[in-house]
Ligand SMILES: Cc1cc2nc3c(=O)[nH]c(=O)nc-3n(C[C@H](O)[C@H](O)[C@H](O)COP(=O)(O)OP(=O)(O)OC[C@H]3O[C@@H](n4cnc5c(N)ncnc54)[C@H](O)[C@@H]3O)c2cc1C
Ligand SMILES: Cc1cc2nc3c(=O)[nH]c(=O)nc-3n(C[C@H](O)[C@H](O)[C@H](O)COP(=O)(O)OP(=O)(O)OC[C@H]3O[C@@H](n4cnc5c(N)ncnc54)[C@H](O)[C@@H]3O)c2cc1C
Ligand SMILES: Cc1cc2nc3c(=O)[nH]c(=O)nc-3n(C[C@H](O)[C@H](O)[C@H](O)COP(=O)(O)O)c2cc1C
Ligand SMILES: Cc1cc2nc3c(=O)[nH]c(=O)nc-3n(C[C@H](O)[C@H](O)[C@H](O)COP(=O)(O)O)c2cc1C
Ligand code: FES
Ligand code: FES
């Protein structure tokens, strides 16, 4: 009935069969969602943040629910790049979907070292640079707010990444996100992903302590979606479109309608984070819904939709 | 049964019989809530933003609902300071509760002029400086993000305010809210109120247009509460406590438990905005709930609770 | 005494009428009689939906709402012994979809009665009720009101819809008049109002716009502007056309407008309606929830 | 084949038991039998609550939840013709309060069965079930399982609570034993498990901690560590004490832990449990939802 739409997209040089990816830290490393869906149907898969050394992460409680959202302070718990290579890469090889490895660290050298270890792995399509995690005390968030540092770290990681594309993930917690976006682009970013979580706190009024052991955590989920849509649109107009660089939009997406909002605002592709916890299959439902919407609106190629906000 | 607590507070030199005030722009000028409660029972009343000249505000739609929140782009619609003085001040005189007038403008002179007109009005207890409204194109938000401007505008308005206390209302949309808070304190602010709304956007995917005529609006409501609690705690520790200046905490409060979170985080008083739309009497319920909590916890004076986060 | 209040009403029934329309019937407890008995036609309620669940497989993208939703009353039956209020709603989004889960026996929290009402002056002879789609709802309560309080006045209702399916609130019945099938609407007929229907596709009444129907009948029946009032509610373009007709032909006209509302009680300024001021060039924004929803069509800047 | 799945179950009943406890009984539709018939005692479900309403006058501050909530099964009756699953929950906050609005006939969306289970080895002779408060829930399904699959093994249950009111899930009956009133719990007795109760205030069973009761009975009945397993679930301090007792006396012990969970399926790492690794000094964080909730008490860093 509906015209058939090509919903595949080119994201930073990687062909995605559709514009929907998992979000880092909300989908495991590779096979954690297998009971619920065939991840090969996704546009792409973004792993948890990987650091040079394994990390246990923060003490519990690491999460707490909020209205239409949640805080997390996982603290980049991960198995480290060595075990990632030995245990996860073989499983990634069995999949047929572009994998982006999210990279985190405490100093530029850490990021560079992890990237260099993975630069020649055929199984990996590209990298996402996490310079915006609010839950790690020593680094992370400071990188993400300083344009000079952002440009520097992007450039150094980019050269370590070899031919693989590098997406830089931005924090919303800045006065002018276009400035940090521009810095990433100047540093050589092939794509921008936004947004990461907002630093936030929930207090248990009976104990008068923060609920999270880490005291603060990052706010994600539908609560933040309208801010994320605005920021994607702002960066699209002011930075990404002029520079010809794609945006990966995320923050509170749980339905096709949400995803389409981000695409209209300027995202070439989208990621689904918190919603996967409640509906592990929701990425697939979103993909279907996007195809359906495009068919209904006579859109031949989904690229017509990107940034089509009037 | 419970021990009786003194929940009155001193806020910037003004005695409030309890720590709960209305939030600017969500309670009208003076008598709009009279059908629902006796506003004399409130700790304080903060009027809509008043500008030098009357303003019609933005075209409609001016609001849209979001998950656990809403966007507004009212555009500072108000009757202007002249009509405020002639029509509203007489009604304010009939009330027996401290009134704070929220002041807005486009340039420093505007703010100063409005403040000067009201500085000698006995009926007014103090001022709240709105340098953080995200819905007015020409000014507002730019003041709110630049520490140099904040210090300057605060100082000039403060001297126009005469003996009346001046509260400066901060925007959350900055990299480091302690820097803007400190600038306000340096400029002579007697109190800080935080937070105002986040700039955000909702897109109608059928028309591919923003739902709001103003395109963007300010996000308020329970969705933003955990960010607001974090920011209040940050400013309390880094600026307000060292400077001995009180914080008016707001952002998503709708129950006593929410209000108590802000107080534990460091707020001396709290404001209720969006929640009043759904529950016009909710300020009174919050006051009751705070008194009850204090009684249950053997708190003799609510000041014991302020900033008591462990 | 206050003019509006938070009311906890008991649900008598909440019935689906067709795939996306519902009728919610409420019993108002006695303590609210002093408030609710002031109800006038055209006034509305702000209904709390936060505590409602969603149906198992919702059609609309989920939204966790904090705000109330505005709805007109289609009828408020006030007697000494009881007050029964009815709301007719169309399921258009996540909020109204939640309302479909309301069941008999539930308690509904609403703020009412809100806003201005249609006014009926003593010298009125003929009331022309022009409704489109959901806009017919407040006109129903107007017909009820005129019938009860001004039984001598003449009422004619003109109802427009896309198709006959857009009239599901109504009990319609067809009969032959001069060899043609005529569809009538019981909800207005029972109050003595003759009804005429227009649908875009001709599936009921005449094919065409309700405004054409109005113009035709006014000339056919030689209705004169003096002592006549047009009351209209419906989609904004339709009301604009009706207001235009009224203006051109010197009819007085009251319109009931809709706006996105955050509070419904004059706190937020979200519901602005641009209006002209007598004798001034500068327009003002009035509030749909407080200065409206019923306005004199001549003051609205269309 | 997948080991866990999203299951749409039909609600048979959702009954309040006392002021803040409820029992939710679910009929599992046939298509999910391949999944649900793999259920083992100790496993849990992630129940979707987003679409639920709240009661009219909620006790707890409202929270609009997106996430699911984890609950153990107290019993999963599996026959060829039907699978009936029961969840016992305590109303502690806004999420569980929403669950009280579930009615017979509703559809509940849950992901199940999740996590590890209690294990029963062939050489086990005596199973000591030590539960506190809500922690008795998964032990009930363990008793059901042992009774059905290992009818020869001996079971003794030790249940602790603040007061007799904290035992509302159970059908208790008192009888005289050696001149003293003894309270027994039908839910365990019916599976052949002798029950002992300890309450902080002595309102049922002995007055004191369930750990003391356990220690006393183990020595009184001369229960030896070999071929005995302690299974425990309850408040963390209680489990820690039980694990300490087990360790000191060379009993093997399985504990079922609780954590705040965002996903329940191994995606988010929110449910970390610090564990020691055999032969290493460095500890690791395991996942309560995937590597647990049932752990060997010896590996948990208390
Ligand atoms: C004074 C007044 C009286 C009303 N009376 C009735 C009535 O009797 N019966 C009825 O079915 N509806 C009535 N409405 C409209 C009703 O309030 C909206 O349809 C409802 O709020 C939609 O909520 P939702 O969450 O289901 O959909 P949403 O997703 O919020 O909206 C669905 C669509 O309806 C539009 N809409 C939403 N709210 C409003 C609004 N307040 N005014 C105009 N358009 C809106 C949106 O733009 C969108 O296109 C009235 C509105 C007002 C202001
Ligand atoms: C594997 C597992 C099995 C469980 N089985 C049962 C069961 O059979 N019956 C039952 O009543 N409850 C059980 N729980 C606990 C149940 O999930 C929580 O009580 C529930 O999520 C509380 O939600 P709420 O919104 O009502 O309250 P909230 O306001 O979220 O919490 C109320 C209180 O409970 C605590 N809490 C919330 N979630 C958890 C959690 N996941 N683990 C530990 N404490 C928590 C909070 O810290 C708070 O003190 C289980 C939890 C887990 C992890
Ligand atoms: C539990 C959790 C863990 C996360 N871990 C990471 C991470 O390791 N690296 C990262 O870049 N982002 C991480 N994020 C952020 C998400 O990738 C995403 O940016 C954010 O949650 C907003 O999207 P959402 O609202 O769809 O969840 C995490 C988010 C959550 C909720
Ligand atoms: C409809 C609306 C209008 C507002 N108007 C103003 C205003 O005129 N001046 C101002 O300083 N803040 C204004 N605000 C911001 C509120 O005072 C408050 O800072 C914000 O809404 C967060 O609090 P809440 O979540 O409790 O609403 C407005 C907010 C809303 C929702
Ligand atoms: S809806 Fe708030 S003022 Fe009209
Ligand atoms: S709850 Fe998400 S990994 Fe355990």
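Laboratory data are not the source of any read-out in this text; all were calculated from the coordinates shown. These numbers were taken from a predicted model, which means no experiment stands behind them. Glycine also receives a Cβ, built like all others from the backbone with ideal geometry; neighbour counts cover every protein chain displayed.
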Highest average packing first - B:202-214, D:138-150, Cβ atoms within 10 Å: D:138-150, B:202-214
Most mobile listed residue (B:39, B:227, B:79) in chain B, GNM with C-alpha springs under 10 Å: B:227
Sites residue C:30 and residue A:121, calculated FRET efficiency, Cβ-Cβ separation with R0 60 Å, nearest 0.05: 0.20
Most to least packed among D:186-199, C:95-108 [average Cβ atoms within 10 Å]: D:186-199, C:95-108
The protein assembly as shown: C-alpha gyration tensor shape, a/c 1.5 cut-off, then a/b vs b/c: prolate
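Have a look at the DSSP beta bridges in segment D:5-114 and tell me what percent are antiparallel, nearest 5.
Details: 31 of 31 bridges.
Here the antiparallel bridges make up roughly 100 percent for segment D:5-114.
Averaged over its residues, how many other protein chain Cβ atoms are within 10 Å of peptide D:255-267's Cβ atoms?
Numbers: counts 0, 0, 0, 0, 4, 9, 3, 15, 10, 2, 8, 6, 13.
Mean inter-chain Cβ contacts per residue within 10 Å come to 5.
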Protection proxy ranking, peptides A:289-301, B:120-132, average beta carbon neighbours within 10 Å, highest first: B:120-132, A:289-301
Theoretical FRET efficiency, 1/(1+(r/R0)^6), r = Cβ-Cβ of residue B:93 and residue A:56, R0 51 Å, to 0.05: 0.20
Relative contact order, percent, chain B [alpha-carbon distance under 8 Å, six or more residues apart]: 21 percent
Averaged over B:205-217, number of beta-carbon atoms from partner chains that fall within 10 Å: 4
Residue D:8 versus residue A:82: modelled label distance in nm, points set 7 Å from Cα along the beta carbon direction: 4.9 nm
Tilt relative to chain D, helix D:136-149 - C-alpha long axis, 0 to 90 degrees, to 10: 80 degrees
Rounded D (µm²/s) - chain D, Kirkwood Rh over Cα pairs, Stokes-Einstein at 25 °C, 0.890 mPa s: 123 µm²/s
Relative contact order (%) - chain D, alpha-carbon pairs under 8 angstrom, separation at least six: 17 percent
Label distances, nm, residue B:86 versus same residue in remaining copies, Cβ-directed 7 Å point: 8.4
Shielding by partners, peptide C:280-287 (average Cβ within 10 angstrom, other chains): 2
DSSP bridge pairs, chain D: antiparallel proportion in percent, nearest 5: 65 percent
Estimated FRET transfer efficiency (residue D:220, residue A:206; beta-carbon r; R0 51 Å; 0.05): 0.80
For residue D:107, label point 7 Å along C-beta direction: distances to other copies, nm: 3.1
DSSP bridge pairs, the protein assembly as shown: antiparallel proportion in percent, nearest 5: 55 percent
Two-site label geometry, residue D:79 and residue D:162: point separation in nm, points 7 Å out along Cα→Cβ: 3.9 nm
Using alpha-carbon coordinates, inclination of helix C:236-248 to the longest axis of chain C, degrees: 30 degrees
Pairwise label distance in nanometres, residue D:274 with residue C:57, each label 7 Å out on the Cα-Cβ vector: 4.8 nm
Relative contact order for segment D:5-114, counting Cα pairs under 8 Å that sit 6 or more residues apart, in percent: 43 percent
For residue A:120, label point 7 Å along C-beta direction: distances to other copies, nm: 8.3
